[in-house]
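The values are calculated or read from the model by the stated rules, or taken from the named source; none is laboratory data. It should be emphasised that the depicted structure is a prediction, and the values quoted were computed from it without experimental measurement. Cβ placement follows ideal geometry from the backbone for every residue including glycine, while neighbour counts extend to all protein chains displayed. Keep in mind that these areas ignore ligands, DNA and RNA; they rest on the heavy atoms of the full protein, side chains included. Shrake-Rupley method; radii C 1.70, N 1.55, O 1.52, S 1.80 Å.
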Amino acid sequence: MSPGRPDGWLQRHQRPLFLLASGLSTSGSFAGLTAKGWILMAGTGNPLLLALHFAALALPSLLVSGRAGVLTDQLGCETMLIRSQWGLFGGAALGALAIPLLQGTGQVVLLLLSTLVVGVSSSFELTARSKYCSLLVERPEQVAPYLASFSVVFNVGKLVGPPLGGWLVALSGPAMALAIDAASYLLPIATVIWLLRPHRELEQRSAVGDGASLGAAWRDCGSTLRHVLRFTTVACLVGFFHPGLAPLIAAEVIGPSPQALGLFTSVLAAGSIAGGVVLQRNSLALSERPVLLLGGCAVVVALAQLGMAAASRGPLALAMALLIGAGTAGLLAGSSLILQVGAPMALRGRMAGLGQIAFLGGGGVSGLLAAALAMTLGLQATFALLGGLGLVVGVLELGRNGALRLRSA
């Protein structure tokens, strides 16, 4: 056993420990996001403000994910992971302070600033964590199922967090939900610093220079991974607006209360868990067929959006929300998994950054587009229009490139 390697219980359980710490943090994070969304909706009733809230979380990836990937490959994924987790804590703490200290416009501005700081830090955290997972496994073939396990854990947090946030808002006010959000980030920080001992000797870092740039990663990753990035961007532009407009959708599908928002987002999360479990159990096979996986998920999301347009309210609308959750989980987690498995170790930080630009940047733009459409055409027409576009995109992708294999790059 090499020096510094954990022994006994920690050696056998450090991967589940990291999953558990990340899951608890995710639950607190979604409790906080649900509370913020409800505060903004209740205080303003403006769907565009909700879209801006989600955009503040997602759009920073367009600006900083590339840099996050470069720094992860240069400085090391563990260093960047710890720094980004402290940034997440600081951003969440700003949101917790907004409730008792400010009111009206000032409170809204600080809540949006809090989400912006979390969005920037998340871009670094997700990029570093994707590569860090490769250092916690014993064999290369364990990378795909372990990365897919994060999709399941993440979506369990999405299932637990929103109702927790909704009930905390209803019972004790939004300040408690936001305080729990901030405190939840301390657990993964402590876990990474004191409990985990990754295989640091396996990490390959890039030297400073032109070969360490994002452009070099784009050129060197191969044609298949470039295609995955392009398709993920397009699919998210037409099919990933649901997180940003969740309070508006929940208000129309169920009702305007915070508990209704918690129920709707939990249904989305339950679908995401189902999609994540399917991906986790078939991760090796599905990662080898990127178009079949991503194109199929895009078609599922599009059909569910069309179903939402037809159903409007009631159990059928919730069933469509379940399918939306399953499809988006497969699309986002599948894209991340493919990019990590298909890229060499020296490029994985930058590939994670490019993946974030594709799905979080695309999702942020999609939320703004859907909000503008909902304000002019109505929510049902927005579902119908974007669902139709998504169906065309997914079917064309499956028809043209369905036989593409990951190792053909």
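Observations on the structure shown:
- Residue check, GLY37 part of a helix (DSSP H, G or I), at pLDDT below 85 and surrounded by 20 or more Cβ atoms within 10 Å (Cβ to Cβ): yes
- Complete set of residues in segment 399-409 that are touching a residue at least 60 places away in the same chain (Cβ under 8 Å), assigned to a helix (DSSP H, G or I) and surrounded by fewer than 17 Cβ atoms within 10 Å (Cβ to Cβ): ASN401, ARG407, SER408
- Of the helices (runs of 4 or more DSSP H) lying entirely inside segment 144-245, the ones with 1 or more residues being within 30 Å of PRO290 (Cβ to Cβ) are found at 186-190, 214-220, 223-239.
- Qualifying position, being open to solvent by 10 Å² or more (accessible area, probe 1.4 Å) and of a type in the set (Phe, Trp, Tyr), among PHE359, PHE383: PHE359
- Those residues of segment 246-257 which are in a helix (DSSP H, G or I) and either open to solvent by 20 Å² or more (accessible area, probe 1.4 Å) or touching a residue at least 60 places away in the same chain (Cβ under 8 Å) (or both), in sequence order: ALA246, PRO247, LEU248, ILE249, ALA251, GLU252, VAL253
- Checklist (1) under 20 Å from the mean Cα position of the chain (by Cα); (2) closer than 26 Å to ARG289 by Cβ applied to ALA370, failing item: (2)
- Here segment 208-245 is the region considered, the condition is being among the charged types (D, E, K, R) and at pLDDT 90 or above, and the residue that is least open to solvent (accessible area, probe 1.4 Å) is ARG226.
- Cross-chain or 6+ apart pairs with Cβ under 7 Å, segment 200-228 first and closer than 13 Å to ALA343 by Cα and of a type in the set (Gly, Ala, Ser), then at pLDDT below 90 and loosely packed, with under 14 Cβ neighbours inside 10 Å: ALA216/ASP210
- Residue in segment 258-271 that is open to solvent by less than 20 Å² (accessible area, probe 1.4 Å), at pLDDT 90 or above and within 17 Å of ILE338 (Cβ to Cβ) present: no
- Flag if ARG205 is under 21 Å from SER22 (Cα atoms), over 19 Å from the mean Cα position of the chain (by Cα) and at pLDDT 80 or above: no
- The set of residues in segment 107-129 being of a type in the set (S, T, N, Q), under 18 Å from LEU75 (Cα atoms) and modelled with pLDDT under 90 consists of SER122, SER123.
- Residue within segment 45-68 that is charged (D, E, K, R), open to solvent by 50 Å² or more (accessible area, probe 1.4 Å) and without any contact (Cβ under 8 Å) to a residue 60 or more places away in the chain present: no
- Screening segment 1-34 for residues that are of a type in the set (Ser, Thr, Tyr) and modelled with pLDDT under 80 and picking the one that is most open to solvent (accessible area, probe 1.4 Å) gives SER2.
- Among (1) open to solvent by 10 Å² or more (accessible area, probe 1.4 Å); (2) assigned to a helix (DSSP H, G or I) - the single one THR127 does not satisfy: (1)
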